[in-house]
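Q: First, the structure itself, so that you have it in front of you.
The values are calculated or read from the model by the stated rules, or taken from the named source; none is laboratory data. Worth saying up front: this structure is predicted, and the values here are computed from it rather than measured. Reconstructed Cβ throughout: ideal geometry from the backbone, glycine too, with neighbour counts over all protein chains shown. Side chains included, ligands, DNA and RNA excluded: accessible areas come from the protein's heavy atoms. Shrake-Rupley method; radii C 1.70, N 1.55, O 1.52, S 1.80 Å.
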Amino acid sequence: MAQVALEGIHKVYPNGFEAVQTCSFVIQDGEFVVLVGPSGCGKSTLLRMIAGLEDITEGTLRIGDRVVNDVDPADRNIAMVFQNYALYPHMTVAKNMGYGLKNRGISKTEIDAKVQEAAKMLNLTDYLDRRPSQLSGGQRQRVAMGRAIVRQPDLFLFDEPLSNLDAKLRNQMRIEVRALQRRLGTTAVYVTHDQVEAMTMADRIIVLNGGRIEQIGTPKEIYSTPASTFVASFMGAPPMNVLNATVSSDKHVTLDEGLELPVAAPAASSGPILVGIRPEDLTLGEGTTPFDVQIVEELGAQRLLHGTLGGQAFSVSVNKDHEAGTGTIPVSITPGAVHFFSREDGFRI
Amino acid sequence: MADLTQTQIAQPTPSRLRFKWNTIFDHLILIAGSLLMLMPLVYAFITASYDPVTIHREGLALTFGDELGSNFEKALFEKGGFTKTVDGMVMLKNSFILGIGFAVGKIIISMMAAYAIVYFRLRFATFAFWIIFTTLLLPLEVRILPSYEAIQRLGMANTYSGLIVPLIASATGTFFFRQFFRAVPEELVEAARIDGAGPVKFFIDILVPLSRTMIAAIFIIMFVFGWNQYLWPTLITTDESLFTLVRGIKQIVLTYSDAAIPEHGQALALAIVAMLPPVLIVIFFQSWFVKGLTESDK
Ligand SMILES: Nc1ncnc2c1ncn2[C@@H]1O[C@H](COP(=O)(O)OP(=O)(O)O)[C@@H](O)[C@H]1O
Ligand SMILES: [Mg+2]
């Protein structure tokens, strides 16, 4: 069990590509932190630096009380779970799980006991003598988890561990992974590009964009007060509506096409601005703002209405018992649910 | 499925007829080919059942004589050669030593070379690989004099190591293993690193077992290749007790005085013995061979 501290960590690949811009944060002991962001934003790079698989260009990395910049991955007392499982194909499940212990010179009986215990925890007891090729995707991922937990590491590292599973299994494994981590109380860093995984699993989320940290916060904070338009549209499905608008000197908010929105402008702002409204923060059939519905998407529990508001693309999400068709319909905006961002850099105002 | 059946019902006779003719034609070609390949063997085997005088007088035969057993026995167990110390069994043993030593040596050397090239950040890894690869242009026949000179000076002439070592550098093997190693997922290496496996452990615990079908395939090719070596063994072994079958056959026929008739029967028997092990190995390990070249169990 350990706290992980990154101080001024920075990564430039040998080809000169800056994959992670200077960043600092602390992961508390026992915390489950999710690194989320679109593909190529540097999540894996950051995780692999923590694992020791990638050199740290600059900065200090501490796991527990130890600076581990130059410590070999095997000696950092970490365990990693990979997207493609990375199981040893020629070893049985039991051997796969015990290999790391064997390399540490632990006795055979002790390894057996630990493997049995982990297998029981993961429902793998019946499969211990099988090869990975004789297991389903979900079982393989469990073996990879087993390999991580038998070592009783200070830190779990996950790199998109559920991305190769089908949707249903992914939901189930998500809960299992989270429950297991709670039970063991081991600090975990989890990389994913899936915002649902991030929202549901994390104690805290770190949103990355183009090698830069956009925001760090609990799922609730990230969702209710996104720090930028990037976070606002990346976290949440369907994404937040972001409209181009202007704040006049008398604090009226007018869309670029001339429609005035019945919202209170933020105190210290004027001129061009971005207005963000989540699709669920609107009520159909009330208010005065006209919404032109063009497409209705049935999602079962909800309906998604896509169309335009004052000439700009806009979506509204309504409950399933709310009838909806195409055409123009008035909408009202839930008070206090409007976000304002700077039009220059996209940051929250 | 339904479509197929219907087509067959629609025009049964012509399609079935054409099918038959095709098959017969294919088989005729295959049979002709096999006969062409097999006839020399059949001739050799049958002719090996005569005494040298008959063979000398009547040439190759197509009906069995009555010396088959004794010719094989003499070829294998009678001390022959110039020094009368070497029999067929000794040569068989030498051939196995050469074939196995050659194949195992090549596999070890080329695996280690490929391992170094693929997994270590060597300064000139790619360059080194291409240098190794260009040695394909310099087979033993081209560099035979310097090789002989070197082995001679090292005092390795007439030793098993002198017979085997100069032959085991292998560009082909290195190439195959390099391609194979490059296809092993990066994450496997990383998982092993985190599991505390250093370079040697990773090689022995993970890479070698993963490559086993590949190793088997290369072993088969190289064993046959080594078994059939002729030029180098002829040059480097002058001591008859080190003769391999492939080069020893000729020796048997030659060592009699001018007046005597060469032991053709025994020579043919020995030729058949020399052919058997490679054939058997290929037949028995066929499935491994195909697996090694096609399967990717990674
Ligand atoms: N070894 C490397 N050399 C140069 N650039 C790399 C290397 N590995 C990754 N990158 C680049 O760094 C960026 C971040 O990669 P990565 O951390 O793998 O992203 P992801 O968030 O999808 O996991 C990508 O643009 C990728 O192209
Ligand atoms: Mg990644």
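Q: Which whole-number percent is the relative contact order of chain A (Cα, under 8 Å, 6+ apart)?
A: Rounded, it is 16 percent for chain A.
Q: Give the distance, in whole Å, between the Cα centre of segment B:195-256 and the Cα centre of segment B:20-55.
A: Value for the Cα centre distance between the two parts: 30 Å.
Q: According to a simple spin-label model (label point 7 Å from Cα along Cα-to-Cβ), what is the distance in nm between B:LEU122 and A:ARG182?
A: Here the answer is 5.3 nm between the modelled labels.
Q: A follow-up question, please. Between segment A:285-349 and segment B:83-128, what's the alpha-carbon centroid distance in Å?
A: Between the Cα centre of segment A:285-349 and that of segment B:83-128, the gap is 73 Å.
Q: Oh, and also: Between B:VAL200 and B:ARG212, what is the spin-label point distance in nm, taking each point 7 Å from the Cα along the Cα→C-beta axis?
A: 2.3 nm
Q: Let's test the formula: R0 of 22 Å, r as the Cβ-Cβ distance of A:THR308 and A:SER248. What FRET efficiency results, to the nearest 0.05?
A: For R0 = 22 Å, the calculated efficiency reads 0.45.
Q: Rounded to the nearest percent, how much of the accessible area of the protein assembly as shown (1.4 Å probe, protein heavy atoms only) is carbon and sulfur?
A: 60 percent
Q: Go through segment A:87-123 and flag every residue whose accessible area shrinks by 40 Å² or more with all protein chains in place compared to the isolated chain (probe 1.4 Å).
A: Those are A:TYR88, A:PRO89, A:HIS90, A:TYR99, A:ASN103, which lose 40 Å² or more relative to the chain on its own.
Q: Report the calculated FRET efficiency for A:THR326 and A:THR283 (r = Cβ-Cβ distance, R0 = 25 Å), to the nearest 0.05.
A: With R0 = 25 Å, the Cβ-Cβ based efficiency is 0.85.
Q: Right, next: When the expected Rg is taken as 2.2 N^0.38 Å, what fraction or multiple of it is the alpha-carbon Rg of the protein assembly as shown?
A: 1.46
Q: Can I ask one more? With +1 on each Lys and Arg Cβ and -1 on each Asp and Glu Cβ, how big is the dipole of chain B about its Cα centre, in debye rounded to the nearest 20?
A: 820 debye
Q: A further question on this structure: By how many nm would the segment from A:ASP72 to A:SER270 grow when fully extended, if each residue of separation counts as 0.36 nm and the alpha-carbon distance is taken off?
A: Gain in length upon complete extension: 65.9 nm.
Q: Using a cut-off of 17 Å between alpha-carbon atoms, which lysines can reach A:LYS108, once sequence neighbours fewer than 8 places away in the same chain are excluded?
A: Partners within reach: A:LYS95.
Q: Run the numbers for B:PHE25 and B:ILE100: contour at 0.36 nm per residue of separation, minus the present Cα-Cα distance, in nm.
A: Stretched out fully, the B:PHE25 to B:ILE100 stretch lengthens by 22.9 nm.
Q: With a probe of 1.4 Å, find how much accessible area the protein assembly as shown has per residue, and write the answer as a whole number in Å².
A: Per-residue accessible area for the protein assembly as shown comes out at 50 Å².
Q: In this model, which of A:LYS168/A:LYS220; A:LYS11/A:LYS102; B:LYS79/B:LYS250 are farther than 26 Å apart at the alpha-carbon?
A: With Cα atoms farther than 26 Å apart: A:LYS11/A:LYS102.
Q: Tell me which chymotrypsin sites (Phe, Trp or Tyr not before Pro) from segment B:42-93 have a DSSP coil assignment and no more than 13 other beta carbons within 10 Å of their own.
A: Sparse-neighbourhood loop chymotrypsin sites (Phe, Trp or Tyr not before Pro): B:PHE64, B:PHE82.
Q: Calculate the mean, over all residues of peptide B:197-203, of how many other protein chain Cβ atoms lie within 10 angstrom of the residue's Cβ.
A: 2
Q: Can you work out the FRET efficiency for the pair B:SER287 and B:HIS56, with r the C-beta to C-beta distance and R0 = 35 Å, to the nearest 0.05?
A: 0.20
Q: Tell me which of A:GLN215, A:VAL26, A:MET173 sits at the most positive position along the dipole axis of chain A, charges placed on C-beta atoms (Lys, Arg +1; Asp, Glu -1).
A: A:MET173
Q: Report the full-extension gain for the segment A:GLU344 to A:ASP256: residue separation times 0.36 nm, less the Cα-Cα distance, to one decimal in nm.
A: Fully extending the segment from A:GLU344 to A:ASP256 adds 30.1 nm.
Q: Any idea of the total accessible area buried by the A-B contact, 1.4 Å probe, rounded to 100 Å²?
A: Counting both chains, the buried surface is close to 1800 Å².
Q: Mind giving me the nanometre distance, one decimal, between the label points for B:TYR160 and A:ASN164, set 7 Å out from Cα along Cα→Cβ?
A: About 4.4 nm separates the two model spin labels.
Q: Quick check on chain B: take the gyration tensor over C-alpha atoms, sort the square-rooted eigenvalues as a ≥ b ≥ c, and tell me if it's rounded (a/c under 1.5), prolate or oblate.
A: It is oblate, given that a/c is not under 1.5 and a/b is not larger than b/c.
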